[in-house]
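Just passing along the structure, written as structure tokens.
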Amino acid sequence: MADDITFDRIRTGLADCMAHQVRSVTDWHFGEPVYEDPDENPALEGIPGLRELAARLHWVNFRMWHLEDRARRRDLDASIIAECKYAYDRLNQVRNALTERVDECLVAMLQPLLPAGARDCTNTESVGCALGRLSVEALRVYHLKEQTRRRDADSSHVDTCTDMCAEVNAQRESLGKAVLGLIDQYEAGTLKPSVHRFFKMYNDPDLNPELYKNKQE
């Protein structure tokens, strides 16, 4: 770990991650980035690694958001809807892996900085999970604003979406402050960072009974 990692730099890095979520939603509607499979990049670490992993996590949420919208259409062939569901499921696995890797990257940076007497007590949600929620909130704000610009919508719809957008923005701001507040608690030694492991079973052919009981010979 680089010697220049400090609590302040970590706080700044996390704030940059959150700001990027808002900026990139607009940019990606004009052209998506192309990210490799996260397992092919095991060396991402430090502040740049944190930013990159958080950006990839956000991109996965971006893709999943639009798949969910498409999967609810009734005018498409059932095979297309099924493919949307399968693609969503695959992306969900990547999202879980990236969330874990965000936590791993952050814990690796924080571990050498923790006070010697830090309490062995963790928060209810890891930073990686919180960044995932912030990512979805950024997407929600963008699409609510999009609703307020619809020319085929009446004023009631626009007003409702405007109010919802303000509330989501407030929730996102509150959650962002809470994430940075966690770093304060790590620095004070009142909490320790942790990695949230998902241990998803449904895609494992040895753990999902619907897969191993109905396996075709």
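Return the residues of the range 190-217 that are closer than 30 Å to Leu180 by Cα and in contact with an Asp or Glu (Cβ under 8 Å, 6 or more places away or on another chain); say none if nothing qualifies.
Listed by number, the residues that qualify are Lys192, Pro193, Ser194, Val195, His196, Arg197, Phe198.
Name the single residue that is modelled with the lowest pLDDT among those in the range 1-50 being β-branched (Val, Ile, Thr) and part of a helix (DSSP H, G or I).
Thr26
Test Val158 against the stated conditions and say whether it is in a helix (DSSP H, G or I), among the β-branched types (Val, Ile, Thr) and surrounded by 15 or more Cβ atoms within 10 Å (Cβ to Cβ).
So Val158 fails the test.
Which of the following residues is at pLDDT 90 or above and either closer than 15 Å to Leu14 by Cα or in contact with a Pro (Cβ under 6 Å, 6 or more places away or on another chain) (or both): Ser135, Ser156?
Ser135 is the lone residue from the list that is at pLDDT 90 or above and either closer than 15 Å to Leu14 by Cα or in contact with a Pro (Cβ under 6 Å, 6 or more places away or on another chain) (or both).
Is it fair to say Arg133 is surrounded by fewer than 23 Cβ atoms within 10 Å (Cβ to Cβ), of a type in the set (Lys, Arg) and within 13 Å of the chain's Cα centre (by Cα)?
Considered against the rule, which asks whether it is surrounded by fewer than 23 Cβ atoms within 10 Å (Cβ to Cβ), of a type in the set (Lys, Arg) and within 13 Å of the chain's Cα centre (by Cα), Arg133 comes out as yes.
Count, please, the residues in the range 105-149 that happen to be more than 19 Å from Asp16 (Cβ to Cβ), among the charged types (D, E, K, R) and in a helix (DSSP H, G or I).
3
Could you please find all residues in the range 150-173 being of a type in the set (Lys, Arg) and under 17 Å from Asp69 (Cβ atoms)?
Result: Arg150, single match.
What are the pairs, 6+ residues apart or on separate chains, where a residue within the range 26-54 that is over 30 Å from Phe7 (Cβ atoms) has its Cβ under 6 Å from a residue that is among the hydrophobic types (A, V, I, L, M, F, W, C) and modelled with pLDDT of 90 or more?
Going by the 6 Å Cβ cut-off, the qualifying pairs are Trp28/Phe62.
The values are calculated or read from the model by the stated rules, or taken from the named source; none is laboratory data. The structure presented is a predicted model; accordingly, all values stated were derived computationally and were not measured. In this analysis, Cβ positions are derived from the backbone assuming ideal geometry, glycine residues included, and neighbour counts consider all displayed protein chains.
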